[in-house]
Amino acid sequence: MNVDWKEIEQFARILLQEAAKNIKSSLYDSITINTKSNENDLVTNKDEEIEKFFYEKIKKKFPNHYLLGEEGKGDDLDQVTGVVWILDPIDGTMNFVHQKRNFMISLGIYENGIGKMGFIMDVIHNELYFAKKGEGAYLNDLEITPLKNVVLEEAIVAVNAIWLTKNRYLNHEKLSNLVRKVRGSRSYGSAAMEMVYVAMGRIDAYITPRLSPWDFAAGKIIVEELGGICTSLKNESLSILKKSSVLISNASIHEELLTDYIEFLQK
Ligand code: IPD
Ligand code: CA
Ligand code: CA
Ligand code: CA
């Protein structure tokens, strides 16, 4: 298949701008909020509308491309041959509902399972993070500089406080040692935001036991383009068709985190 990546990039940018404009202009309209797997797992009519918008536009422009999306409005995929757009229409839905900020549109475009372009749109700040594999990463028009080494004592790590309490995924005592060791800890409630913050060097690692492909598809491409590392909590590479634990970090601390502070308790 002959793929025109410039055309795809330009089209993705147009869709992201339109979607962001739509979300912003209706931010204070009443929304319908439903729950999914549990009462804190929220979804709104906006999540669904934005995903549907992408699906319809992409299918019309590129009928042979696929879309994998969180809200099930896209294709039902069990393989990754061809060009696959992986979309989280709103990453950080709880933030969207409660805070009206700190949520992202996350879009990764893959060809035969290989990440080609990652876009993370901070809707409220009008900031588009973008990377094209092998060709650099940008925040709007500014090229982002590759990551510099850090030491753990001066690092900031993102981890949800829930994982510092006894749980079935992570050894919480080891993780507590990490939180004591580093300079600071944060939790933003949007995986895409936390990943792109690692890419920017605003934080140095993000540790989480369970993400879906649409949560990490774009972030992985951006972080790797800047020299960061993205694996599971067991140091495996990530598949874009499977849920996984995720450790995304500055390369200089990745091994130390895995060896001394992270014990993933699941198979
Ligand atoms: C969620 C957010 C959250 C992470 C969850 C994700 P959603 O995505 O990224 O930070 O901890 O695992 O499911 O549902 O808001 O798109
Ligand atoms: Ca969700
Ligand atoms: Ca998400
Ligand atoms: Ca979402």
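The values are calculated or read from the model by the stated rules, or taken from the named source; none is laboratory data. In this text, all values refer to a predicted model and were calculated from it rather than measured experimentally. Here the Cβ positions follow ideal geometry from the backbone for every residue, glycine too, while neighbour counts run over all protein chains shown. Side chains included, ligands, DNA and RNA excluded: accessible areas come from the protein's heavy atoms. Shrake-Rupley method; radii C 1.70, N 1.55, O 1.52, S 1.80 Å.
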Q: Scan region 70-100 for residues that are touching a strand residue (DSSP E or B) at 6+ places or on another chain (Cβ under 9 Å), of a type in the set (D, E, K, R) and within 16 Å of ligand 4 (Cβ to nearest atom) and jot them down.
A: E70, E71, K73, D88, D91
Q | Only one of R202, R210 that is in contact with a Lys or Arg (Cβ under 8 Å, 6 or more places away or on another chain) and open to solvent by 10 Å² or more (accessible area, probe 1.4 Å) | A | R210
**Q.** Residue satisfying all of: in region 22-75; over 17 Å from L87 (Cβ atoms) and among the hydrophobic types (A, V, I, L, M, F, W, C); farthest from the chain's Cα centre (by Cα) among these
**A.** I31
**Q.** Residue satisfying condition, being free of Cβ contacts under 8 Å to residues at least 60 places away in the same chain, of a type in the set (S, T, Y) and open to solvent by less than 10 Å² (accessible area, probe 1.4 Å), within set S232, S244
**A.** S232
Q: Restricting attention to region 189-217, report how many residues are in contact (Cβ under 8 Å) with a residue 40 or more places away in the chain and away from ligand 3 (no atom under 12 Å from the Cβ).
A: 12
Q: Filter region 1-15 for residues that are part of a helix (DSSP H, G or I) and of a type outside the set (G, A, S) and give the result.
A: W5, K6, E7, I8, E9, Q10, F11, R13, I14, L15
Q: Just give me the residues in region 38-55 being among the polar types (S, T, N, Q) and in a helix (DSSP H, G or I), in sequence order.
A: N45
Q.
Please pick out the residue among V80, V97, V123 that is at pLDDT below 95, within 20 Å of the chain's Cα centre (by Cα) and not acidic (D, E).
A. V80
Q: Could you grab the pairs with beta carbons closer than 9 Å, sequence gap of 6+ or different chains, first residue in region 19-30 and touching a residue at least 24 places away in the same chain (Cβ under 8 Å), second one surrounded by 10 or more Cβ atoms within 10 Å (Cβ to Cβ) and among the basic types (K, R)?
A: N22/K46; I23/K46; L27/K100; Y28/K100
Q | Qualifying strands (runs of 3 or more DSSP E) (wholly inside region 167-265; at least 1 residues being within 14 Å of the chain's Cα centre (by Cα) and among the hydrophobic types (A, V, I, L, M, F, W, C)) | A | 205-211, 229-231, 244-249
Q) Under 6 Å by Cβ, and 6 or more places apart or on different chains, what pairs join a residue from region 89-102 that is touching a residue at least 24 places away in the same chain (Cβ under 8 Å) with one that is among the polar types (S, T, N, Q) and near ligand 2 (Cβ under 10 Å from one of its atoms)? A) none
Q) Given I221, I253, I248, which one is touching a helix residue (DSSP H, G or I) at 6+ places or on another chain (Cβ under 6 Å), among the hydrophobic types (A, V, I, L, M, F, W, C) and closer than 29 Å to R13 by Cα? A) I248
Q: Could you please find all residues in region 56-101 being of a type outside the set (A, V, I, L, M), buried (at least 21 other Cβ atoms within 10 Å of the Cβ) and away from ligand 1 (no atom under 13 Å from the Cβ)?
A: Y66, G74, W85
Q: Determine if region 162-180 includes at least one residue that is within 14 Å of S252 (Cβ to Cβ) and either modelled with pLDDT of 95 or more or surrounded by fewer than 16 Cβ atoms within 10 Å (Cβ to Cβ) (or both).
A: no
